[in-house]
Amino acid sequence: MELIPTFDFKSFLTAPWIDGGWESSIWIVIMGILVNTACGLVGNFLVLRKMALVGDAISHSLLPGIAIVFLLSNSRSTGLMVAGALAAGLVTVWLIEFIHKKTRVKEDAALGVTFTTLFAIGVILISVFADHVDLDLECVLYGEIGFIYFDDSLPLIGIEVPWPVLQMAGALLLVTALLLLFYKELLVTSFDSGLATSLGIPVSWAHYGLMMVLSLVIVFSFESVGAILVIAMLIMPSVTSALLSERLPNILRLSVVFAALYSIGGLHLATWLDCSPAGAMVVCGFLLFCLVWLVSPRRGLILLWVKKLKARGQLESPSLP
Amino acid sequence: MSPETPLPLEIHDLTVAYHKKPVLYGIDLEVPAGNLIGILGPNGAGKSTLIKSIMGLVPSSSGWVKIFGKPYKKNAKRVGYVPQRESVDWDFPVNVMDVVLMGRFGHLGLFRRPGRKDKDIAMACLEKVNMAPYAQRQISNLSGGQQQRVFLARALAQESDLYFLDEPFSGVDAATESAIIKILKELRERGKTLIVVHHDLTTAKEYFDMLLLLNMRKVDFGPTEDVYTYEKLQKTYGGRLTILSEVVDTRRKRSSDLPIEK
């Protein structure tokens, strides 16, 4: 018995698409692209606002929100889930600010206090009311992207489209539209909140608006891909793209490209290792990040090494008298 | 004898506190139009805080502010702002043009992107500060002086009537400093009102028509020749003789006529 399956390049490339599994594979890839893109686009603005970890916080604190909605309504209806998530997201952001402002606890520490507490409340709710809450903690962490194909589906132009894919596509459209409509406001409040305020642009509205969009993306991604992938995808496309470009519109476009690459690469990795596709997508994201870091034409490691060598050569070459 | 046109800036009893500790006490101010005004005072005197609280960046605990006779929010379009350079992240992924265009955002409605006209205005403003060739340059590749010129161009693009500038001369090269003061004087000639937070006593007299001496309270406000006196400066800077002795040193170098008495 071997720990890691033998790596065969040909089978690494083809395995997900043969043996009758290709239909399931396609939906995993599509769902992955939708989730990664939605997370990546919102994540760019989080990273620019130096709030990368707020995504982490909100994704954890949504748990009690969703659990309470379950308890109260006893249903898994999307509308209620979204309402619960938005409420939980806003409470999280508000609580972080409240603790930070009222106690002089630093913002990152306030964030640590808030989301761990809310997550714990969620865990308690789910374990105490286990009979009433149809929420699997394992599913919350890892998601069940591998089983999307077996979900309920809707026939659309002759194709059976799984329901979660439709939902996520809708969420992605909404998020993209909102980010495009408020791009100007998000840009100026992220870069120079002082100027934004002086212009009469409501900085706190932009902040809470972004947090609501973030909660929306997280709650839609949650069920199918789990918390791990969501947190990673909020950050990875953005930081990787920023190594390649220095203009926000291009960084946003590159994020979409990386979102797709993570999804496809992750599926292949998952098929080879026979592991969770969500986890594999994150690892694939990190591998791509390392690759870009090495070869980036702007601040890539290889470029820096070459420059260093050249500089050393120039320093040594002129002979001293 | 109320003036026919409302004053650019009128402040009454403005008080600001951080964590319940007051930093500005009961400031009253009536600023006449068409002046280049310097705010002078030691570190921690609340110079930046004053302009920030006028624009609503810092909440005030009492008092009111009127911009051309109306509350700030009603007349935000008529106010231009040059924040301290250090207040933003210069690694932010935008280029020079993107930053200057932000000055147009106040004139655009919700959902509207800057158009051709805004880009032309932004470009003209970059030309005024001699930064047009840098329009497509990523902002992290700018020197301190160039960053300050970009911020000034952005404020020009706001096409305002009242400008607040927070330490625009700090850490810039001499060429940039004289370029900036030339532009500020041009704006004044066109009837604009400019309020500048300034930390250099030696240049204050030649740059400004009026001075506000500030040290948590208003020490004095008036035409430079009335306000720039030894007693009033000492009252503002208190016992901080180091600052005054620095002035003496600089005076020797510059041989300007500072009101230092034996």
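The values are calculated or read from the model by the stated rules, or taken from the named source; none is laboratory data. From a predicted model like this one, the values you see are computed outputs, not experimental measurements. In this analysis, Cβ positions are derived from the backbone assuming ideal geometry, glycine residues included, and neighbour counts consider all displayed protein chains. Note: areas computed on protein heavy atoms with side chains; ligands, DNA, RNA excluded. Shrake-Rupley method; radii C 1.70, N 1.55, O 1.52, S 1.80 Å.
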Neighbourhood charge, 15 Å Cβ-Cβ cut-off, centred on B:Pro83 and excluding it, Lys, Arg +1 and Asp, Glu -1: 0
For segment B:157-223, size of Cβ-based charge dipole, Lys and Arg +1, Asp and Glu -1, in debye: 240
Lys/Arg +1, Asp/Glu -1 at C-beta; chain B dipole; positive extreme among B:Asn35, B:Val227, B:Leu7: B:Leu7
Most to least packed among B:191-202, B:6-17 [average Cβ atoms within 10 Å]: B:191-202, B:6-17
Candidates A:Gly32, A:Gly300, A:Gly200, ranked by Gaussian network fluctuation over chain A, Cα under 10 Å, top entry: A:Gly200
DSSP beta bridges in the protein assembly as shown [antiparallel fraction, %, rounded to 5]: 60
Chain A: DSSP helices with Cα axial extent of at least 24 Å and average Kyte-Doolittle hydropathy no lower than 0.0: A:22-48, A:52-73, A:78-103, A:107-128, A:163-181, A:203-244, A:248-273, A:277-295
Added length on full extension, which subtracts the Cα-Cα distance from 0.36 nm per residue, B:Thr15 to B:Arg112: 31.2 nm
Dipole axis of segment B:88-228 (+1 Lys, Arg; -1 Asp, Glu on Cβ), positive-most option in B:Gln136, B:Val94, B:Phe111: B:Phe111
For B:Leu108, net neighbour charge (Lys/Arg +1, Asp/Glu -1) across residues whose Cβ lies under 15 Å away: +4
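Could you rank the peptides A:94-107, B:30-43, B:149-162 by their average count of other C-beta atoms within 10 Å per residue, with the highest value first? Write out the running numbers ahead of the final one.
Working: A:94-107: 14.8, B:30-43: 18.8, B:149-162: 24.9.
Answer by packing, highest mean first, reads B:149-162, B:30-43, A:94-107.
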Shielding by other protein chains, A:195-207, mean Cβ within 10 Å: 6
Farthest toward positive dipole pole in chain A [+1 Lys/Arg, -1 Asp/Glu at C-beta], among A:Gly79, A:Ala52, A:Leu13: A:Ala52
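Could you work out the mean count of beta carbons from other protein chains within 10 Å of each residue's beta carbon in B:49-56? Numbers along the way, then the final one.
Working: counts 0, 0, 1, 3, 0, 1, 6, 4.
Mean partner-chain Cβ count within 10 Å for B:49-56: 2.
Relative contact order, percent, of segment A:9-310 when contacts are C-alpha pairs under 8 Å separated by at least 6 residues?
The value is 30 percent.
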Neighbouring partner chain Cβ atoms per residue of B:88-96, average, 10 Å criterion: 5
In nm, spacing of pseudo-spin labels at A:Ile159 and B:Lys235 (7 Å Cα→C-beta vector): 7.9
Accessible-area composition of the protein assembly as shown, carbon plus sulfur, in percent [1.4 Å probe]: 61
Sum of -39500 (n - 2.57) over DSSP H runs of 4+, divided by residues of chain B (222 nm, nearest 500): -10000 deg cm²/dmol
Cross-link pairs beyond the 20 Å C-alpha cut-off, checked among B:Lys52/B:Lys218; B:Lys185/B:Lys235; B:Lys205/B:Lys235: B:Lys185/B:Lys235
Protection-proxy order for peptides A:80-89, B:219-228, each taking the mean of Cβ atoms within 10 Å per residue, highest first: A:80-89, B:219-228
Normalised convex hull volume, segment B:1-128, alpha-carbon set, Å³ per residue: 173
Label point 7 Å beyond Cα of B:Ser143 along Cβ direction - residues of segment B:176-192 with amide nitrogen under 17 Å: B:176-181
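What net charge do the residues around B:Asp220 carry, taking every other residue with its C-beta under 15 Å from that of B:Asp220, with Lys and Arg at +1 and Asp and Glu at -1?
Result for the local shell: 0.
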Student exercise, the protein assembly as shown dipole from Lys, Arg, Asp, Glu Cβ charges, in Debye to nearest 20: 2240
Inter-part distance where segment A:178-257 and segment B:109-131 are each reduced to a Cα centre, Å: 25
Charge dipole (debye, nearest 20) of chain A; +1 at Cβ of Lys and Arg, -1 at Cβ of Asp and Glu: 1840
